[in-house]
1. How much space per residue, in cubic angstrom, does the convex hull of the C-alpha atoms of segment 100-234 take up?
2. If neighbour count is taken as other Cβ atoms inside 10 Å, put His651, His309 in order from fewest to most.
3. Could you please state, rounded to a whole Å, how far the C-alpha centre of segment 624-658 is from the C-alpha centre of segment 356-399?
4. So how do 508-514, 652-658 stack up, highest first, on mean other-Cβ count within 10 Å?
5. Give the lysines whose C-alpha is closer than 16 Å to that of Lys225, dropping any in the same chain fewer than 8 places away, or say none.
6. Trypsin sites (Lys or Arg not before Pro) within segment 430-522: which are DSSP loop residues with at most 11 other Cβ atoms inside 10 Å?
7. Treating the angle as unsigned and between 0 and 90°, give the value, to the nearest 10°, between the Cα long axis of helix 852-866 and the longest Cα principal axis of the chain.
8. Compute and list, largest first, the equivalent-ellipsoid semi-axes of the chain from the alpha carbon gyration tensor, each √(5λ) rounded to a whole angstrom.
Amino acid sequence: MQRTEDGQIVKLTDYRPTDFVLRGVDMTLKLFEGHTDVVTILSLERREGVPADAPLSLDGDELILASIAIDGETLAPARYEATPERLVVRQLPETGNFELRLETRIAPEENTKLMGLYRSNGIWCTQCEAEGFRRITYFPDRPDVLAPYRVRIEAEKAVAPVLLSNGNPIESGELPEGRHYAVWDDPFNKPSYLFAVVAGDLDALHDSFVTTSGRTVSLGVYTEKGRAPQAAYAMDALKRSMAWDERRFGREYDLDVFNVVAIADFNMGAMENKGLNVFNHKYVLLDQDIATDTDYAGVETVIAHEYFHNWTGNRITCRDWFQLCLKEGLTVYRDQEFSADEREPTVQRIASVRRLKAHQFPEDQGPLQHPVRPGEYREINNFYTATVYDKGAEVVRMIATLLGAADFRKGMDLYFERHDGDAATIEDFVACFEAASGLDLSQFALWYAQAGTPTLSVTERWDPEERRHTVKLRQSLTQGAAGTGTEPMVLPVRFGLVGGNGEDRQAAAEVSGEARLKDDVIVLTGREATITFGGLSDRPYLSVLRDFSAPVMLEHEQSEAERLALGRLDPNLFNRWRALDDLIAEALTTAARRPLGDGEPALKAAIVDALLASADDEDLAPAFRAQALTLPGESDVARQMRENVDPDRVHEVVDAARVTIGAKGLAMFERLSAGASATEAFSPDAESAGRRALANAALAYRCAATGDPDAAVAQYRAASNMTDRLGALAILAHRFAGEAASESALDDFFRRYERDDLVLDKWFALQATAPTYTAVETVERLANHPRFTMRNPNRVRTVLGSFAAGNQVAFHRPDGAGYRWVAEKLASLDRINPQIAARIATTFRAWRSFEPARRAKLDETLRQLSEIKGLSKDLQDIVDRSRK
Ligand code: ARG
Ligand code: ZN
């Protein structure tokens, strides 16, 4: 691997504790227009056994040291060395506590990386995970250095009447010259990445929550001026999250206050700072006029996720960044369980599996592959990935499946009991489940170490004489870019034997080979095993890998007739959905391998009929029926093809399938799309959202079949909520791109919502993802639009990000114009916000899977990017690894 100047590789095996123990942190931040003065007092002590001459070495990032003193005495220059990235202090007391006082002056106004302390629309806020705290003060900026913090904030009262930090507020008052201050005290030991400060002229929504043990917690959601009413749903989701964590995991909140702040310029979704969560305002602010049902679900999930971190992340944090999945995978698992309980479990599971396959599978099968617990990194910010988050959650879900609900809960309880206050490791976590269940999880732990998606192959044989059904399971794993092992893993395979009336059959089972049976789960531990089911009256349908019980690629030799039967009968609704989804995905993939313009229909009539029957089945939840109608995306088909992908052909195939389905089901789609929401008062609950999802899916098929935008235009005009309005607009902007109906709706949308950046993002994104070659010119125009700015990550993501990841046709335009445009923008974005640039650049990782002409152009684009002088560590890392 090529190394940049500051690009040393950090390795898990190099871990060792710090030489000095941190006892406490006392900070004062004096906020002024143009600069902020930071005074930090660290209470330190040399760790036992550390040599007396060992210096103290602190992290910094673009810092300038203004003063340094120990126990009240200014240090002579010979005793320390300060660069923007490091402060080394020598000749420190051999024993006992000493106080190191540091002053730095920083410029939040000029901080465009949005890491550390920065200003967004006049509001001061912080983002410290993973390594942002070192941009505020020199510090042992690593997650295993825990301490209580006391923070004093001073600012001009008119500019920043609200002053927030972690913990509980303990003091506030007036200062001369129209300034004031507030002091916050966080009694819980925490690592620096959970530090937060917010100051500004904010509105707030206040409420309270009474915990099981009867403590009243005051809750606040802070917003830009005038937007507090739009925080009502976030507040509601917060209270439901707090109640759920008590109910489900016995976890109570621990401080007197819990605050959430919505910020317009934010690099990520949100951040779980202790007692002061900071959010991208996209995940807080909404109402029915500006937000879709998907946005509502997103707010609910992210609010829950960050709240749940209070126990899984904050009370128990990570020893080092290699353990990131310890908090992220576990917390995603918890937020998924929450959504399953609050909404419709099957639909939630389908959504999670879709996301896993769309984002994690390609990562796991390409050059950016890494294990759930990586072994090394050059830039940790590039490891907040689908593998750490989503596969990390799948690994936790497998532990729950292997142990069963009761033992899983016992293991979680033990984890909280044993490790409260610790900076823990994956080994610590796994050990709790071993202790709770008596199971040996050492082989299971390979899930954390071995990268790649295992393949699970399933074959069946029915023996009519003996009335026996034999199922053979085989697993394999090939080594990929991460170069990790390929030992067999522990695969929990949930299954059922489905009879002709859609009932789950019981059968005596015999296992041979390396597997065991636990209730309805086959636990495959070796490369292969055979399970024989006896005493069956006739051949059952095998429903396997129910609920996607392991994150694998399934190769199940099963006839089309059997799969169609399961798509109709399977009592496990997830598998009922998957039976058809797999059939469709395979048919589309096969068709996409044929040349462009091939007129053969991609989907057989029987499959189309099955899909339509599912969509029309009133016994099923509308949300489920909407999922059934959602075809695999173009990038899903491209991923399944694996090589020689022609995105134009993929688009042609997927679109033709939509037209075929739409035409055959036209009468039904007309009926289902008719009443979108016209008569119903808006409610964001899952059931209502499901009805809207079904109606909007139906509208899309209807317009695909008729080629007529009128129905979409009518819904756009009549819509009484954003879900229906945007649903219609998406059809117009994509299917009828460039036509008058589309242009005038887009213009209308812009005028209507011009004042709201969150809604404007939807307008930008829809145009950036229109599947036409001219979208390259469109995004060029959008990037020059007065409302476009590289300073706002949401805006960048909705133009650059959606184009690169969500527009297969235009991004991959054969002349390479899409690649060139993205690369050029990334190069300038990198100088402003490297983290966002690196994230968007990951779309290039799939370059090897395309047909030769595009592959060559992608390769060339990556090469040119890699050779740009002064590229950030973030972007350089992604580009270099993608080329491997
Ligand atoms: N911990 C935050 C979350 O839950 C995300 C922080 C992302 N940080 C980063 N450097 N990308 O989910
Ligand atoms: Zn998280």
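1. 147
2. Details: His651 21, His309 25.
Neighbour counts put them in this order, fewest first: His651, His309.
3. 24
4. Numbers: 508-514: 13.3, 652-658: 20.6.
The packing order, highest mean first, is 652-658, 508-514.
5. Result set, ordered by chain and number: Lys157, Lys282.
6. Qualifying residues, ordered by number: none.
7. Value to nearest ten degrees: 0.
8. For the chain, the ellipsoid semi-axes come out as 46, 33, 27 Å.
No lab work stands behind these numbers, since they all come straight from the coordinates. Nothing here was measured: the structure is a model prediction, and the numbers come from that model. All Cβ positions, even for glycine, are placed from backbone atoms using ideal geometry, and neighbour counts span all protein chains on display.
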